[in-house]
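J.: The structure that follows is given in the form of structure tokens.
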Amino acid sequence: MHFRHRTGKALGRKQVFLLNALFFFPLFLFAQYDFNSNCREAYRSILSLNFTEAGKLLDSERSAHPSNLIPVYLENYIDFFTVFIGEEPAEFEKFRKSGELRLDILKKGNKESPWYRYCMGNVRLQFAICRMKFGEYKSAALDVSRAFSDLNENAQLHPDFPLQGSGLGLIHVLAGVIPDNYSWVLRLLGLEANVQKGLDEIAGLASYSGNNETYRLFGIESMFYLAFLDATLGKDTRYALTILQKFEARKSTFPPSSNPLLIFVRASILAKAGKTDEAILSLQEFTVGKDTYPFYYLDYLTGLNKLNRLDPDADLYFIRFLKSYRGLNYVKSGYQKLAWTFILKGNIPEYEEYMGKALTRGSLHVDSDIQANREAKSKEQPNVVLLKARLLSDGGYDDRALHLLLDQNMRNFIKTPKDLLEYNYRLGRIYQHSGNQSDALKYFGITIHDGSDKDWYFAENAALQSGIIYEQKNDLSNAARCYKLCLSMNNTEYKNSLDQKARLGLKRIKTAPH
């Protein structure tokens, strides 16, 4: 895949336009919100990450209808996706300045229009999502609260305007994933997290089937959010797979082989569902347009899936990702996974070289990078047999993983207490994936007993997964016990994501019918 960067010069012109619009906007007559055919085509291009074409369409619309504020709103989408996907600090700083200017312009619009508060609320929401990417959780919490104020008031003033449902849903989900030490900001302003309510609100717009073409287009965007959030936060993937089916029923709107966002969501859901072969096929069928904004994470995702299948060429995709990507997250993890490809081939010098780079490069915002940094710092090589079992199990190849662990004498590869702890944990995960809940609970129990006082993640995730199994069995008291046990442990690997999922589990139980 080869991509082309946007230029700083284009961004400079954009900021000049925004400044001119801000100072001379009183000259515009009757500022309006007209999501006309030109804007719809621009929005369609944005969702396809074809920002060049979208920019041309927005320029044309501004020339034809200078009082239309929708191009101002849609330009924020371009910058949002640029920052969200690229994760480059310099682009984030430009987004801060342009976004504030856009809010000032949008405030000059017609306050009686349902688009007025909707546009401002979503610009603030996009700010919040990007701030979270860069670890600015306190500012993100304030932006979420302001966005909620805009969109909630809009829902009261314009209850028949369906678009705000998706934004409100995202807010209820985001409020549930902002770390506890910043969530006081949301509570102070009366905003409580409710992930399931948020998913239901997003689903409302995603299922829109009326005649309004604009609403149908925004319904596609809601499907992106819904599928990704459920695959990321949901306790299983069955619901996400039904959303994926709805996506594919609309192939004429966004051809899946050329839309990076659709490929990303589709491959992520399939991979989590253990359908690694299908995920790889989807990623490799993707063809990049010459004007498509670079989505380098797709190379990382391809490498990850091929590594889970133990493909010998997985290293090529991690190398491509690390060579091209200039963002913050998944760099340490990328070097770690690249190192794994070499230790699986018995190439220890290459493993050590890339683990050294995992220690010195990248950031520590996401759990996978934190874990990669920890492995690099420890200089402790992974047990190759257990690593293969882990990868195969993550890829949905449970039979291969089980045979790998059971068809040889444990004494041949279990050398340390950590190896034994991981061995029992891996068996629990494999049995869980294959639907053998009783054996999964048995091995998770052994893992919790032996590892609850260790700082590896095995026992904490065993408690989380036990909670999920009990919740699926409708044994809510044991599910709650396991989720609380997960939260009580003090491992330092994947801590944020495990605690987040345990808290979501407790909230589901609290709101479940008894």
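J.: Is region 413-423 home to any residue that is in contact (Cβ under 8 Å) with a residue 60 or more places away in the chain and surrounded by 15 or more Cβ atoms within 10 Å (Cβ to Cβ)?
T.: no
J.: Same structure, new question: For a quick check of your reading of the model, give me the residue pairs whose first member lies in region 112-126 and is of a type in the set (A, V, I, L, M), whose second is outside any helix (DSSP H, G or I), with beta-carbon atoms closer than 9 Å and at least 6 apart or on different chains.
T.: Final answer for the pair search is Met120/Lys107; Met120/Gly109.
Residue-by-condition table, conditions (1) at pLDDT 95 or above; (2) within 29 Å of the chain's Cα centre (by Cα); (3) closer than 28 Å to Leu328 by Cα:
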{"residue": "Phe25", "(1), (2), (3)": "no, no, no"}
{"residue": "Leu47", "(1), (2), (3)": "no, yes, yes"}
{"residue": "Pro71", "(1), (2), (3)": "yes, yes, no"}
{"residue": "Phe84", "(1), (2), (3)": "no, yes, yes"}
{"residue": "Pro89", "(1), (2), (3)": "no, yes, yes"}
{"residue": "Ser98", "(1), (2), (3)": "no, yes, yes"}
{"residue": "Gly109", "(1), (2), (3)": "no, no, no"}
{"residue": "Tyr118", "(1), (2), (3)": "yes, yes, no"}
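J.: Can I ask one more? Just to verify a result, which residue in region 466-514, among those that are among the aromatic types (Phe, Trp, Tyr) and in a helix (DSSP H, G or I), is surrounded by the most Cβ atoms within 10 Å (Cβ to Cβ)?
T.: Looking at residues that are among the aromatic types (Phe, Trp, Tyr) and in a helix (DSSP H, G or I), I get Tyr483.
J.: Could we say that Leu298 is at pLDDT below 90, outside any loop (DSSP other than H, G, I, E, B), crowded, with 18+ Cβ neighbours inside 10 Å and under 14 Å from the mean Cα position of the chain (by Cα) here?
T.: No, not satisfied.
J.: Let me ask another. What number of residues in region 34-44 are part of a helix (DSSP H, G or I), of a type outside the set (Asp, Glu) and within 23 Å of Gly109 (Cα to Cα)?
T.: 6
J.: Let me ask you something else. From the set of residues in region 389-428 that are assigned to a helix (DSSP H, G or I) and among the polar types (S, T, N, Q), which is modelled with the highest pLDDT?
T.: Asn424
J.: For Ile220, state whether it is out of contact with any helix residue (DSSP H, G or I) (no Cβ under 6 Å at 6 or more places or on another chain), modelled with pLDDT of 75 or more and aliphatic (A, V, I, L, M).
T.: When the stated conditions are applied, Ile220 passes them.
J.: Just checking, does region 437-456 include any residue being touching a residue at least 40 places away in the same chain (Cβ under 8 Å), under 19 Å from Lys484 (Cα atoms), out of contact with any His (no Cβ under 7 Å at 6 or more places or on another chain) and outside any helix (DSSP H, G or I)?
T.: no
J.: Further question on the same structure: Looking at region 319-344, which of the residues that are under 12 Å from Arg361 (Cβ atoms) and hydrophobic (A, V, I, L, M, F, W, C) is surrounded by the most Cβ atoms within 10 Å (Cβ to Cβ)?
T.: Ranking the candidates gives Leu338 first.
J.: Could you check Ala462 against (1) over 29 Å from Lys133 (Cα atoms); (2) surrounded by 23 or more Cβ atoms within 10 Å (Cβ to Cβ) and say which number it fails?
T.: Against the list (1) over 29 Å from Lys133 (Cα atoms); (2) surrounded by 23 or more Cβ atoms within 10 Å (Cβ to Cβ), Ala462 comes up short only on (1).
J.: Looking at region 378-388 only, could you name the residues that are in a helix (DSSP H, G or I) and at pLDDT 95 or above?
T.: Val384, Val385, Leu386, Leu387, Lys388
J.: Go through region 45-66 and report how many residues are closer than 11 Å to Tyr293 by Cβ and assigned to a loop (DSSP other than H, G, I, E, B).
T.: Residues in region 45-66 being closer than 11 Å to Tyr293 by Cβ and assigned to a loop (DSSP other than H, G, I, E, B): 3 in total.
J.: Picking from Leu392, Leu427, Leu364, which residue would you name as being surrounded by fewer than 18 Cβ atoms within 10 Å (Cβ to Cβ) and either under 30 Å from the mean Cα position of the chain (by Cα) or under 29 Å from Ile178 (Cα atoms) (or both)?
T.: Leu364
J.: For region 151-165, name all the residues that are assigned to a loop (DSSP other than H, G, I, E, B) and surrounded by fewer than 16 Cβ atoms within 10 Å (Cβ to Cβ).
T.: Matches in region 151-165: Pro159, Asp160.
The values are calculated or read from the model by the stated rules, or taken from the named source; none is laboratory data. The shown structure was predicted, so the numbers you read here are calculated from the model rather than taken from an experiment. Methodologically, a virtual Cβ is constructed for each residue, glycine included, from the backbone with ideal geometry; neighbour enumeration extends over all protein chains shown.
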